[in-house]
Amino acid sequence: MPGVTGLLIPLEWAVCLGEPASGSETAGSATGFPPGVENFCSRPIFPALGAEWSWLNNHLIQAIIGAAVVIAFWLWVAHAQKVVPSRRQFLGESLYNLLRNTVARDIVGHDYQRFVPYLVALFSFILVNNLFGEFFLFMFPTFSKIGYAWGLAILSWLLYNGVGIAKWGVLGYLKRSTIPAGVPKLLWFLIIPLEALSNFIVRPITLGLRLFANLFAGHLVVLVFVVGGTLLLESGQLGLIAAGGVSLVFSFAIFGLEIFVGVLQAYIFTVLTAQYVSSAIAEEH
Amino acid sequence: MITLEVDFGPLLPEHLSELIAGVVLFLLIFWVVAKKVVPVFEQTYAERTAEITGGIEKAESAQAEAAAALAEYQAQLATAREEAGRIREEARAQAVTLAAEIREQAQADSARLLATARAQIEAERAQVISQLRTEVGGLATQLAGRIVGESLEDDERARRSVERFIADLEAEPVPEKA
């Protein structure tokens, strides 16, 4: 793929999802437009090694780099701390306080301290990977690969159910999380399946899906504007070139929006996890 | 990947590695944050809290100390004033006593001087009297000799009569003391 976007976005998609890619060998997919599911395929780092090594792909590397950035950031702001903070320490404290006080303390409440590391790690990992979607080098939000989102959703599911069971015991926790206080016994047959569905199945699925879908859709919109704009610019017709320019300029607004969405989704995922933990260990429902 | 009748499309992971990597990387971050980052921040906060609390306590104790010192100074000041008053009173009393003493002494001195003077005068008078007696005796003898015209050169007799005369004189009661 020639052109400006080739520098910004890796457009040499590996063929994944076997059939759809080969099946839709239309004129559209040859040019990469309109962008679709195949634009989210991972590229193996070592294609020569064959399909067994396809798990070692660019998005995995990206996720690893993201994790390394997060770890490096926290170690950087945490080293050599003083009572009177330096600028670096102040930066770290601002972010840490946001998660510790606004998310952990205000939502989890009493006994919030042991959830702070989880929430800090969660927020910063998601945030960095989301911002990868808008910045050079990767231009791809890691969590638009749903596997990463499912991974975090499963962990959060394990966490809030785990602390609930640890606090109330298996039966006590099941009772507390399926029967809200004050529901008459006559309605139990209705409430218990609903609550169980909501608390044990819908919560983790929505957690993962929300994160994935926001970033997937956001990245798709970016692709539409950037790839479409580039194609229009290269079309050679004056009117289309103008439209392509407008499209590219507008894509910056989309980038801005996507940064916002990325931050928001990281925050929402973290806040919801804290909320679920809070409801699992709350004294009263 | 499990082949299902429904095509989940992008809702299923392309590779299982994504899920595993997500979990592993997250746990790695979690471990580092839990071990190396959160304790550091919490310790810093604890230190800060301790420092601020300590500062407040220090300030409070300093204030209390200052108040105590002020009270002490005021007490000392009151004592000092009292003492000054007492000393003034004492001084006044002392001055009065001293003045009285001085007056007394002066009176005593003057009395003593007067007595001395009087004694001296008395002694002088006695001396004058005895001298006068001698001289008056001599003169009287001479005078009597001239009047009688005859020498009363017989000193022995003359002296005896003079002495007798004077003894008579002395025997006479003296009307007043000199």
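The values are calculated or read from the model by the stated rules, or taken from the named source; none is laboratory data. Computed from a prediction, not measured in an experiment: that's the story for all the values here. Here the Cβ is made from the backbone with ideal geometry for all residues, glycine too, and neighbour counts use every protein chain on show.
There is no residue in region A:52-67 that is within 9 Å of chain B (Cβ to nearest Cβ), aromatic (Phe, Trp, Tyr) and under 13 Å from B:Phe41 (Cβ atoms). Answer yes or no as to whether A:Phe125 is touching a Phe, Trp or Tyr at 6+ places or on another chain (Cβ under 6 Å) and assigned to a helix (DSSP H, G or I). Spelling it out, A:Phe125 is indeed touching a Phe, Trp or Tyr at 6+ places or on another chain (Cβ under 6 Å) and assigned to a helix (DSSP H, G or I).
To keep it simple, each residue is scored yes or no on (1) within 14 Å of chain B (Cβ to nearest Cβ); (2) over 22 Å from A:Val37 (Cα atoms); (3) at pLDDT 95 or above; (4) buried (at least 24 other Cβ atoms within 10 Å of the Cβ).
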| site | (1), (2), (3), (4) |
| --- | --- |
| A:Asn130 | yes, no, no, yes |
| A:Phe138 | no, no, no, no |
| A:Ser144 | yes, no, no, yes |
| A:Tyr148 | yes, no, no, yes |
| A:Gly164 | no, yes, no, no |
| A:Lys167 | no, yes, no, no |
| A:Gly172 | no, yes, no, no |
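Taking the criterion of being among the hydrophobic types (A, V, I, L, M, F, W, C), out of contact with any Ser or Thr (no Cβ under 9 Å at 6 or more places or on another chain) and within 7 Å of chain A (Cβ to nearest Cβ), the residues of region B:21-55 that qualify are B:Ala21, B:Val23, B:Leu25, B:Phe26, B:Leu28, B:Phe30, B:Val32, B:Ala34, B:Val37, B:Val38, B:Val40, B:Phe41. When you look at A:Val84, is it within 11 Å of chain B (Cβ to nearest Cβ) and not in a helix (DSSP H, G or I), yes or no? Yes; evaluated as a whole, the condition is true for this residue. Return the residues of region A:29-85 that are in contact with a Lys or Arg (Cβ under 6 Å, 6 or more places away or on another chain) and small (Gly, Ala, Ser); say none if nothing qualifies. Of everything in region A:29-85, nothing turns out to be in contact with a Lys or Arg (Cβ under 6 Å, 6 or more places away or on another chain) and small (Gly, Ala, Ser). Among residues of region A:178-201 that are at positive phi, those with a beta-carbon under 9 Å from a residue that is surrounded by 13 or more Cβ atoms within 10 Å (Cβ to Cβ) at least six positions away or on a different chain give the pairs A:Gly182/A:His285. Whether a residue is touching a residue at least 12 places away in the same chain (Cβ under 8 Å) and touching a His at 6+ places or on another chain (Cβ under 9 Å) was assessed, and A:Leu60 passes this test. Would you confirm, using the coordinates I've provided, whether B:Glu122 is modelled with pLDDT of 85 or more, on the phi < 0 side of the Ramachandran plot, assigned to a helix (DSSP H, G or I) and within 41 Å of the chain's Cα centre (by Cα)? For B:Glu122, the condition - modelled with pLDDT of 85 or more, on the phi < 0 side of the Ramachandran plot, assigned to a helix (DSSP H, G or I) and within 41 Å of the chain's Cα centre (by Cα) - is not met. The test for being more than 14 Å from chain A (Cβ to nearest Cβ) and not acidic (Asp, Glu) holds for B:Ala78. Of all residues in region A:101-128, those being among the basic types (Lys, Arg) and surrounded by 24 or more Cβ atoms within 10 Å (Cβ to Cβ) number 0. Filtering B:Glu122, B:Glu89, B:Glu72 for residues that are of a type in the set (Asp, Glu), in contact (Cβ under 8 Å) with a residue 24 or more places away in the chain, away from every other protein chain (no Cβ under 14 Å) and farther than 30 Å from A:Phe125 by Cα leaves a single hit, B:Glu122.
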